[in-house]
């Protein structure tokens with residue numbers, strides 16, 4: 001089904017709302033468990049995705065909108081409260097000032113935000129060849145994987161697919177391209193401002209070790225971490241879909257009842 | 001205003017109140033007994049739908065304002081705080097953001113309905129003009145609301161729109177500086193936009209009050225466009241139209257809620273989930289979908305001031321519609337040529353919307369740039385220019401001319417006659 005839509009999307013690239021830069025490929029149309037009106041997150045996948053984020057992405061990217069406590073929220077990875085407490089405590093957080101006016105270090109608490117890898121944007125840029133690694137909290141809502149008014153209506157904006165495609169889309173430049181390669185940049189045709197990207201390929205097989213025994217291929221890690229980032233961007237998605245189902249059911253019945261009332265009142269009144 | 005009721009207070013308190021404030025009589029006369037043409041179709045339910053949307057926007061907006069912080073360093077995160085940490089904050093925000101789009105969908109249907117059935121014609125000119133004022137206030141309110149989350153499109157959209165005023169000769173720059181509250185879009189701009197975004201809906205509500213007042217003096221138009229001639233032509237507003245409107249409102253809520261729960265970000269821009277950054281210009285700055293036709297008109301004129309004038313003129317021209325239409329009949333139901341041009345006009349407005357959505361120099365409905373060789377290419381810009389021409393041509397030439405020369409079809413003598421003929425057709 002998705003294939004059909006992707007093909008249709010090329011036809012309808014047509015009704016595009018936003019222009020896509022020349023030479024940038026639309027994201028790969030992979031499927032996730034959380035798509036569709038009834039889709040939910042795969043807890044195991046979110047837990048694996050968190051591990052990839054923590055051990056790989058978080059070395060350069062901040063995620064300022066998330067707190068450790070969110071990891072045990074309903075509708076997320078749903079780690080236990082004890083796991084989250086233990087996890088948070090492995091981080092050191094600067095707090096203060098105390099009564100003496102001194103800043104001090106303490107172990108992290110569930111209420112703490114995810115610590116950022118750099119003190120500020122300038123430090124982040126200085127450490128990354130002048131390019132600022134964007135905050136990842138909302139990345140899957142801020143980056144469309146494909147365009148087209150009708151395509152996006154049926155398939156969403158493809159944010160998680162965008163992240164997946166960038167992570168799995170690194171290429172060795174051929175001779176022609178190598179001549180154009182700016183120093184310190186890699187070739188990635190899925191990167192929105194591409195094809196040259198400041199981030200070197202972050203994933204390689206077994207760069208993390210999954211706790212559930214899943215084999216950590218690049219493809220697997222890219223799927224897991226992009227699913228995790230879909231959750232961080234929209235942590236209330238499951239609650240939303242569930243409440244939506246109940247609301248629409250209620251409204252549909254209510255509409256039908258009102259229609260019958262209206263019909264009865266108007267019966268025998270020419271109009 | 002209370003000539004349609006025989007309200008008699010029945011309780012002692014009712015009598016006491018009636019002598020001091022005859023509000024119950026007003027409610028009964030205007031909200032229940034009000035004689036309404038018996039033949040209104042479902043296009044007439046959008047008035048009630050709009051009133052509902054205004055209430056929804058005000059209620060959700062008041063709650064959002066309790067949790068939102070209008071400061072350049074905090075606004076973006078406070079919206080995410082609403083989305084993540086406020087109980088059902090995500091619901092309130094998605095209702096408000098999508099509610100704006102629903103409000104515009106309903107208002108466009110409402111305006112086109114008025115155009116088709118000649119509801120702007122005498123004696124409803126003032127009613128129509130108040131409606132245009134309401135529409136203008138809506139546009140200003142929605143524009144300022146979109147700035148508040150302080151994302152990339154918020155910031156750059158605000159920049160483009162406020163910069164339009166700099167096209168005004170001599171005082172343009174001074175006006176822009178005054179609007180911004182400084183020499184660039186910054187905290188003072190965000191603060192005043194928040195203040196005005198909170199204020200304008202109440203101005204809007206007052207204008208809606210005038211709109212309803214101006215409606216209740218001549219009474220509703222109706223699909224035949226023929227004036228009410230006897231009490232046979234009408235039904236009391238309650239229960240006939242209260243229940244019909246309520247049914248339509250709840251059916252509209254189904255549509256609205258489907259967006260809120262299952263596609264809450266579709267009508268927005270992805271890039272607005274990037275915080276505002278004055279140093280990084282987005283590749284393509286576009287307004288919300290409901291402004292796109294006017295954005296196309298703005299860009300159609302090669303001269304900046306000319307574009308601004310054309311854009312404002314495209315709305316202000318609506319004020320003159322009652323006098324541009326010279327036909328003795330109101331409803332296009334009996335005006336075959338006007339009907340054809342009405343639908344052409346609707347299509348042109350949709351085309352203008354698409355024309356406003358793409359980069360001017362790309363081929364229309366494509367994301368490929370046309371070569372800059374000076375030749376003719378079917379680009380967004382060209383389509384926008386042709387459609388802009390037709391937009392004004394419709395109002396300034398077609399309507400006055402067609403309404404004067406067209407051969408109208410025979411209209412029934414009264415609403416009752418039309419209704420009975422229809423009932424007869426159904427029976428046959």
Would you check which residues across region B:79-88 are over 29 Å from the mean Cα position of the chain (by Cα) and surrounded by fewer than 19 Cβ atoms within 10 Å (Cβ to Cβ) and list them? B:81, B:85, B:86, B:87
With the condition kept exactly as written, say whether any residue in region B:264-272 is more than 7 Å from chain A (Cβ to nearest Cβ), at pLDDT 95 or above and more than 23 Å from residue B:190 (Cβ to Cβ). yes
When you scan region B:224-236, how many residues do you find that are within 14 Å of chain A (Cβ to nearest Cβ) and either in contact with a helix residue (DSSP H, G or I) (Cβ under 6 Å, 6 or more places away or on another chain) or within 18 Å of residue B:126 (Cβ to Cβ) (or both)? 3
Per the filter on region A:128-178, residues surrounded by fewer than 21 Cβ atoms within 10 Å (Cβ to Cβ) and at positive phi are A:129, A:130
Mind checking whether some residue in region A:251-269 is crowded, with 18+ Cβ neighbours inside 10 Å, within 12 Å of chain B (Cβ to nearest Cβ) and within 29 Å of residue A:74 (Cα to Cα)? yes
Options B:99, B:31; residue that is at pLDDT below 95 and either assigned to a helix (DSSP H, G or I) or under 22 Å from the mean Cα position of the chain (by Cα) (or both): B:31
So which of B:253, B:200, B:210 is at the interface with chain A (Cβ under 9 Å from one of its Cβ atoms) and touching a helix residue (DSSP H, G or I) at 6+ places or on another chain (Cβ under 8 Å)? B:253
Give B:401, B:365 a once-over and let me know the one that is in the same structural domain as residue B:294 (by TED's automatic domain parsing), more than 24 Å from the chain's Cα centre (by Cα), more than 21 Å from residue B:135 (Cβ to Cβ) and modelled with pLDDT of 95 or more. B:401
Among the residues that make up region A:214-222, is at least one of them at pLDDT 95 or above and within 18 Å of residue A:143 (Cα to Cα)? yes
Output the number of residues of region B:350-378 satisfying the condition of being more than 8 Å from chain A (Cβ to nearest Cβ), closer than 15 Å to residue A:149 by Cα, part of a loop (DSSP other than H, G, I, E, B) and out of contact with any strand residue (DSSP E or B) (no Cβ under 8 Å at 6 or more places or on another chain). 1
Consider residue B:199 carefully, then state whether it is closer than 22 Å to residue B:290 by Cβ and loosely packed, with under 15 Cβ neighbours inside 10 Å. yes
Could you please give the count of residues in region B:262-288 that are under 25 Å from the mean Cα position of the chain (by Cα), over 24 Å from residue B:299 (Cα atoms) and part of a loop (DSSP other than H, G, I, E, B)? 4
Out of (1) out of contact with any helix residue (DSSP H, G or I) (no Cβ under 6 Å at 6 or more places or on another chain); (2) over 29 Å from residue B:269 (Cα atoms); (3) not in a helix (DSSP H, G or I), the one residue B:403 does not meet is (3)
Here is a list of conditions, (1) in contact with a helix residue (DSSP H, G or I) (Cβ under 7 Å, 6 or more places away or on another chain); (2) surrounded by fewer than 20 Cβ atoms within 10 Å (Cβ to Cβ); (3) in contact (Cβ under 8 Å) with a residue 24 or more places away in the chain, and residue A:222 meets all of them except one; can you say which number that is? (2)
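The values are calculated or read from the model by the stated rules, or taken from the named source; none is laboratory data. Model, not experiment: these values are computed from the prediction. With ideal geometry, Cβ positions are generated from the backbone for all residues, glycine too; neighbour counts draw on all protein chains shown.
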